[in-house]
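As structure tokens, the structure follows; a few thoughts come after it.
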Amino acid sequence: TQVYNFSSGPAMLPAEVLRRAQSELCDWQGLGTSVMEISHRGKEFIQVAEEAEKDFRFLLQIPSNYKVLFCHGGGRGQFAGVPLNLLGDKTSADYVDGGYWASSAVKEAHKYCTPNVIDAKVTVDGLRALKPMSEWQVSEDSAYLHYCPNETIDGIATHETPDFGDKVVVADFSSSILSHSLDISRFGVIYAGAQKNIGPAGLTLVIVREDLLGKAHKACPSILDYTVLNENDSMFNTPPTFAWYLSGLVFKWLKEQGGVEVMDKINREKASLLYGVIDKSDFYRNDVAPANRSRMNVPFQLADSALDKLFLEESFAAGLHALKGHRVVGGMRASIYNAMPLEGVKVLTNFMIDFERRHG
Ligand code: PLP
């Protein structure tokens, strides 16, 4: 059976990328060793690193006044890295709370500043929604505004582009980076753990506007300090070289697919197919307002939760893996990042329709 992995992260990688990595695993570029065994300071790896950055910049059209950093520490590392780098002499920052990950960022920020929490969660016609950005009450003296455009667990997203004048906007794009095009110039900092829409866990990408460098708190660990990382080409300590290399292969694959605009089109198609099947039946349910539905993470419930176990067993047997919802939400969740082909979502929706026919 062809397996489709709907895991929220670490998530599925493009099959072509895995096959290429497999073919060169033990003998990379005729060196007789693996790329993960060579020095990050040698010219061979530096070429891999530079090419990955070049392709990433091309895919997101990153302007030249932004630096790209290849870091350790994941999304949670940046929950600390952001305040440690950006507060300067300020003592507060705005934090929009739209779900689990945004509120986890608030918890971490409390160690370094007083977060001004903007609760964006609202209910519209009985459905979960987010306040539009125009209603986010930004405070004047905050060092920056932090938000998470795509909440991986809640399956809720804001699809708006921020426009907050001079306020430095920081966004946690861990679960939606590269799934659509972005106007990078609207942001001060964008960060994303790689393990959902980019590559393997262990690598975190940070895009930072260069005028925001040089302000890190003196207690900021050097490995989280954007200025130190930038001055050392992201090699202040040994970077996660294998994840960097594999992410580079994913960037090449994305370019071959036609880039992020093409991915956006396919991602919309996948999401509308899946939400369509959920909405058409009373057997399945998603409780997020259509305008705020995530195109990456689709949580859904069975009307009869007594069937959850059977649904998971039968879907797994059909090659549809990792559909169990997050423990804080329950039910099901299908993560449909870039690497999930439209065909995988078709197999899932056909399974769902058939399961309903048999058990509805
Ligand atoms: N932010 C978002 C939106 C996430 O989905 C996750 C993980 O799922 C995190 C942050 C935390 O990332 P990490 O596990 O890399 O620290």
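A few points about this structure:
- Residue 181 at pLDDT 95 or above, open to solvent by less than 50 Å² (accessible area, probe 1.4 Å) and polar (S, T, N, Q): no
- Of the residues 233, 264, the single one that is assigned to a loop (DSSP other than H, G, I, E, B), out of contact with any Phe, Trp or Tyr (no Cβ under 7 Å at 6 or more places or on another chain), in contact (Cβ under 8 Å) with a residue 12 or more places away in the chain and open to solvent by 20 Å² or more (accessible area, probe 1.4 Å) is 233.
- Looking only at region 185-203, and only at residues there that are among the hydrophobic types (A, V, I, L, M, F, W, C) and out of contact with any Pro (no Cβ under 6 Å at 6 or more places or on another chain), the one that is surrounded by the fewest Cβ atoms within 10 Å (Cβ to Cβ): 187
- Of the residues making up region 180-199, those that are assigned to a loop (DSSP other than H, G, I, E, B) and among the hydrophobic types (A, V, I, L, M, F, W, C) are 182, 187, 194, 198.
- The lone exception for residue 278 - which of (1) under 23 Å from the mean Cα position of the chain (by Cα); (2) surrounded by 14 or more Cβ atoms within 10 Å (Cβ to Cβ); (3) assigned to a helix (DSSP H, G or I) it fails: (1)
- Search result, residues across region 324-348 that are under 24 Å from residue 194 (Cβ atoms), part of a helix (DSSP H, G or I) and open to solvent by 10 Å² or more (accessible area, probe 1.4 Å): 342
- Subset of region 53-98 that is within 16 Å of the ligand (Cβ to nearest atom) and touching a Lys or Arg at 6+ places or on another chain (Cβ under 9 Å) - its residue that is nearest to residue 294 (Cα to Cα): 98
- Looking only at residues of region 34-52 that are under 29 Å from residue 215 (Cβ atoms) and outside any helix (DSSP H, G or I), we find that the one that is farthest from the ligand (Cβ to nearest atom) is 41.
- Hits in region 243-269 - residues which are under 17 Å from the mean Cα position of the chain (by Cα) and on the phi > 0 side of the Ramachandran plot: 259
- Looking across region 128-169, the residues that are under 21 Å from residue 294 (Cα atoms), away from the ligand (no atom under 14 Å from the Cβ) and open to solvent by 30 Å² or more (accessible area, probe 1.4 Å) come down to 128, 131, 132, 134, 135, 159, 160, 161, 163.
- Residue 107 fulfils the conditions (1) within 13 Å of the ligand (Cβ to nearest atom); (2) surrounded by 18 or more Cβ atoms within 10 Å (Cβ to Cβ) except for a single criterion, (2).
The values are calculated or read from the model by the stated rules, or taken from the named source; none is laboratory data. Because the structure is predicted, anything quoted here is derived from the model rather than measured. For neighbour counting, all protein chains shown are included, and Cβ atoms are generated from backbone atoms with ideal geometry for every residue, glycine included. For accessibility, only protein heavy atoms count, side chains too; no ligands or nucleic acids. Shrake-Rupley method; radii C 1.70, N 1.55, O 1.52, S 1.80 Å.
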